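**Student:** I'd like to ask some things about the structure below.
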Amino acid sequence: MSTQMQIDKLKEIRDSVEEVELSIPLEELCERYEKLYTGAVNDVLRELCLPNQALPTSIVPLRDEMVVCGEAFTVKAVKDPTMGGEMEMRVEMLDDLRPGHVIIWNANAHGNEYPSHWGGVMTQASMKRGCRGAIIDGGIRDTKDILSQKFPIWYRYRTSCGALSHTKVVNYQVPIYVGEVIVRPGDILLADIDGALVVPRKLAVAVLERAEQIERNEGEIKEWVAAGLTAEEIHDRGGYF
């Protein structure tokens, strides 16, 4: 199948209203995505006229080598000065986590950059339930503890402040905004040193296969560069820079 035919097929899937289930196991999907990089996947999304799937650039990995892919488990929070009800919702949320999930938390949706939303105990509890990582549009604390557990996490800021009397989880596994990106439960999240992005679930397998093709193509282009071909020769062979 030609590249253009492949892109046209992807667009058909993008525009369909049918909910498409994953045609390969989630664990295999995640492992294959984690061998790629966000740039290649983002290029595929742009080919599909989905150029705005990257999360805000201020959300960064705790360590540069961290990479994670998983199924979005969405958490919705609001700025709230009261202290009741927060722990009860967190307990319920944690017990609904399943293997393969990546928690994504829109804690900064209201510009609240003071409290932490994630810490060491949350990390341990999530890992026990098979969670692959977390993307927190907000604050973390207990950073040394998180690092010792080698948990892949992306975050906006660090702080010593707790959540109570500052913020509250009001729902989870509902569509949320993170920046200007809509994230739905079950979407596929990929994050690495260059940030995090969202792949709509119904496109996940097709985007993966196209991104793997792009990575193979780039490997060939790098071989041409190493061989000393001129930029014009590389371009004539279908290469790009």
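The values are calculated or read from the model by the stated rules, or taken from the named source; none is laboratory data. Small disclaimer: the values here were computed from a predicted structure and weren't measured. Every residue, glycine among them, receives a Cβ derived from its backbone with ideal geometry; neighbour counts consider all protein chains shown. Only protein heavy atoms, including side chains, enter the accessible area calculation; ligands, DNA and RNA are left aside. Shrake-Rupley method; radii C 1.70, N 1.55, O 1.52, S 1.80 Å.
**Student:** I'd like the carbon and sulfur percentage of the solvent accessible area for the range 71-226, probe radius 1.4 Å, heavy atoms only, ligands and nucleic acids excluded.
**Tutor:** 51 percent
**Student:** Moving to a separate point now. With each run of n ≥ 4 DSSP H residues scored as -39500 (n - 2.57), what mean residue ellipticity at 222 nm is computed for the chain after dividing by its residue count and rounding to the nearest 500 deg cm²/dmol?
**Tutor:** Taken over the chain, the calculation gives -10500 deg cm²/dmol.
**Student:** Next question, about the same structure. Which pairs, out of 35/202; 150/202; 35/222, put more than 24 Å between their alpha-carbon atoms?
**Tutor:** The pairs that break the limit, which is 24 Å between Cα atoms, are 150/202.
**Student:** Could you report the accessible area of residue 38 in Å², rounded to 10, computed with a 1.4 Å probe on the protein chains as they sit in the structure?
**Tutor:** For residue 38, the solvent-accessible surface is approximately 10 Å².
**Student:** If you don't mind, there's one more thing I want to ask. Provide Rg and Dmax in Å for the chain, with only Cα atoms included in the calculation.
**Tutor:** Cα-based Rg and Dmax for the chain come out at 19.5, 67 Å.
**Student:** Please list, by residue number, every one of the GluC sites (Glu not before Pro) in the range 79-169 that is coil in DSSP and has at most 15 other beta-carbon atoms within 10 Å.
**Tutor:** Those that pass, being in a loop and sparsely packed, are 113.
**Student:** Which of the aspartates and glutamates could a cross-linker bridge to residue 144, judged by Cα under 16 Å and excluding same-chain residues fewer than eight apart?
**Tutor:** 64
**Student:** Among 107, 167, 66, whose Cα projects farthest towards the positive end of the dipole of the chain, with charges put on the beta-carbon of Lys, Arg (+1) and Asp, Glu (-1)?
**Tutor:** Positive-end residue among those listed: 167.
**Student:** Could I ask something else about it? Probe of 1.4 angstrom, ligands and nucleic acids ignored: what's the accessible area per residue over the chain, in square angstrom?
**Tutor:** 50 Å²
**Student:** Count neighbours as other Cβ atoms within 10 Å of each site's Cβ, and list the trypsin sites (Lys or Arg not before Pro) in the range 150-237 that are DSSP loop with at most 16 such neighbours.
**Tutor:** Loop-located and lightly packed - 150, 237.
**Student:** Now, a different point. Using a 4.7 Å cut-off between beta carbons, which cysteines in the chain end up with no partner cysteine at all?
**Tutor:** 49, 131, 161
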